[in-house]
Number of protein chains: 2
Amino acid sequence: MVKISDVASHAGVSPSTVSYVLSGKRSISDQTRRRVMDSIRALGYRPHAGARALASNRSNVIALVVPLRSGIHVPIVMQMVIGAVTSARAYDHDVLLLTQDEGVDGLERVAGSALVDAILVMDVELHDVRLPVLRSLDRPSVLIGFPADPTGLTCIDWDFEAAGAACAEYLADLGHREIALIGAPPAVYERGTGFAERTKAGFQRAAAERGVHAVVRPCDPDHAREAADDLLRDHPGLTGVAVHNEPAVEPLLAAFRATGRRVPDDLSFIAIAPDDLAERLDLTSISIPAEELGRRSVALLMEKLDGHQPPGATLLPSRLVVRSSTPAA
Amino acid sequence: MVKISDVASHAGVSPSTVSYVLSGKRSISDQTRRRVMDSIRALGYRPHAGARALASNRSNVIALVVPLRSGIHVPIVMQMVIGAVTSARAYDHDVLLLTQDEGVDGLERVAGSALVDAILVMDVELHDVRLPVLRSLDRPSVLIGFPADPTGLTCIDWDFEAAGAACAEYLADLGHREIALIGAPPAVYERGTGFAERTKAGFQRAAAERGVHAVVRPCDPDHAREAADDLLRDHPGLTGVAVHNEPAVEPLLAAFRATGRRVPDDLSFIAIAPDDLAERLDLTSISIPAEELGRRSVALLMEKLDGHQPPGATLLPSRLVVRSSTPAA
DNA sequence: GGCACTCGTCGAAGCGCTTCGACAATTTTT
DNA sequence: AAAAATTGTCGAAGCGCTTCGACGAGTGCC
């Protein structure tokens, strides 16, 4: 293994000079810098990560805690992971993967042993047991999702309130007077992940502002037909539907079509869903930028590592993409 | 931060003794061990990962390279990842996530800097550019998937040959005389990932052995209807179908039903697919144990880290689960 | 009773890097 | 022209751990 002292001899300087060339923490003459860089390349030198971590008290690794629960949409998680890893690399950091079932111990382990410099937690719940630990840890963290009490924490999430509102506004602008939001399965509302409630609130607020009649109904993907039938029975004038429930999107489309409604002629259909799904089905949608969320969360983490204090709450706007499940404006 | 010398003073022993208690590399009296363990708990001591890596030349971290390509089934990847991470933790190791687009440089970086002790590569292709690097690296690696030339490498994958054969045999045993394997999109065969070919080979071999007429047809999920129509037109006597193409499973089912065939009465349908999909659609299937593949690959890696030489090739058997898309035996 | 072992523990060296203080040489300020 | 500040480099200390050799105390054997 080639070490820093090898590079130093080869370049005719001291090891500390090599270190300063690499870190840029002290000024180095151009000539010296070039000689050192040449030696590094010539010898194929790579700093030893452990030695570096020991001496600098920085591992340049962040932990990423991924959810395991069923009911989450795996491709979205994966996109966020990809975004986070890619972004971390851009900041010259690596990503250590933790699963949620390592729980509180896992966090304490990787933080306590200085394996990682910071922690990114995906899929935070309203009353997450990890919150107190994250607050007490000596390493910065960023949460994806908002807990009930985000005091002292840095959180980021999609702006579901705005997404819900955008659905209602768009449907209202199309001239619909009676619209519905079909949401997550009842269990999700009960677990209180928060996002389902926020979409609903936005939808209802915007509908009220526009003077449009709005109903909200949870929906289990396995009972899409039932949901569609119920809605149409109770609200015969229903002509605009927003769906915030990925697995239920296709069943719901099928269910509405089965009642004889044509989309978009008789029914405007808009989905809050990732782009790939919406594209495949050619649905007007509120896109959920998963990869960007991964990237942005890492950016926040890096700010904290740099000693800055980013805003405690970040809401990522989504944008409405018109496709063919709503009439052309 | 509490360090090993703090524990040592607290327990009234030398630091080296604490280290030996932790590593078990020298015998320690029960009494001393207990005192040391008590001090560790009392002080909340955690060995510094970097210091440990530096002194022991072992980071206790393995790299996991995940694929990014489109066309791979994300939930399966995630399951393998989960299996790998969980298993690694059982061996007291952590997992560093690399994306495939870090490529060769990424491997050299994490290996060269001693960030990781070993490397697990998912989704290896027939003529993968990373193969020479992996061979030349000074750290052990395990590949998930088989390249054209696996010399000097340790590889593991599902046994698709056996899966294909099992399909043909099962269909033959049910009495079908004319059967079909509907495979991956043409592009997959062209890329030469190998697994598609192996399934096909097993299917054809077993069919020949049973004296059953077998056809194989690639299939793009977006053209399922076409595939079904073609097959039925060219082979009117077709009564047994195996599908090795997850996204196409549902479209194909729909397509066959649209032709008037009832499953399983007129047509036996068997899928090579992960359990969750097969369960949801209640299909007889060859299950693909993704999480187990993750676990087993880590087990192989650990063997190599222990200085053993595991077999160069491991094929993971899959098992046939009868559900209601084939007639009860 | 002496010799050869084993057992349990300790001290010290060293893993490869960063960083602090020092210092000579140069540049800027007065 | 002298004093002060800046620049570029070096040496040495030290980050927290593992591991090697040493050694005293106990054990078994002839």
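Odds and ends about this structure:
- Single match in A:Ser59, A:Ser16 (criterion: farther than 30 Å from B:Met78 by Cα and either more than 8 Å from DNA strand C (Cβ to nearest atom) or part of a helix (DSSP H, G or I) (or both)): A:Ser16
- Within the range B:102-122, the residues that satisfy the criterion of being surrounded by fewer than 18 Cβ atoms within 10 Å (Cβ to Cβ) and either in contact (Cβ under 8 Å) with a residue 12 or more places away in the chain or within 8 Å of chain A (Cβ to nearest Cβ) (or both) are B:Gly103, B:Val104, B:Glu108.
- Filtering the range A:62-88 to residues that are closer than 15 Å to A:Ala118 by Cβ and in a helix (DSSP H, G or I) leaves A:Ala84, A:Val85, A:Ser87, A:Ala88.
- Residues satisfying the stated conditions in the range B:19-56, i.e. assigned to a loop (DSSP other than H, G, I, E, B) and either at positive phi or within 14 Å of chain A (Cβ to nearest Cβ) (or both): B:Gly24, B:Gly44, B:Tyr45, B:Arg46, B:Pro47, B:His48
- Test: residue in the range A:217-239 that is over 31 Å from the mean Cα position of the chain (by Cα) and under 20 Å from A:Ala165 (Cβ atoms): yes
- Among (1) away from every other protein chain (no Cβ under 11 Å); (2) surrounded by fewer than 22 Cβ atoms within 10 Å (Cβ to Cβ) - the single one B:Thr99 does not satisfy: (1)
- The range B:67-96, residues that are more than 10 Å from chain A (Cβ to nearest Cβ) and polar (S, T, N, Q): B:Ser87
- Of the helices (runs of 4 or more DSSP H) entirely within the range B:189-299, those holding at least 3 residues that are farther than 30 Å from B:Ser87 by Cβ occupy B:195-210, B:224-234, B:246-258.
- Scanning the range B:43-75 for residues that are away from DNA strand D (no atom under 15 Å from the Cβ) and not polar (S, T, N, Q) yields a total of 13.
- Applying a threshold of 8 Å to beta carbon distances and a minimum spacing of six or more residues, or different chains, the list of pairs starting in the range A:50-76 at a residue that is within 30 Å of B:Asp276 (Cα to Cα) and ending at one that is of a type in the set (Ser, Thr, Tyr) reads A:Val65/A:Thr99; A:Val66/A:Thr99; A:Leu68/A:Thr99.
- A:Arg205 satisfies every condition listed in (1) modelled with pLDDT of 95 or more; (2) within 18 Å of the chain's Cα centre (by Cα) except (2).
The values are calculated or read from the model by the stated rules, or taken from the named source; none is laboratory data. No experiment lies behind these values; they were computed from the predicted model shown. Every residue, glycine among them, receives a Cβ derived from its backbone with ideal geometry; neighbour counts consider all protein chains shown.
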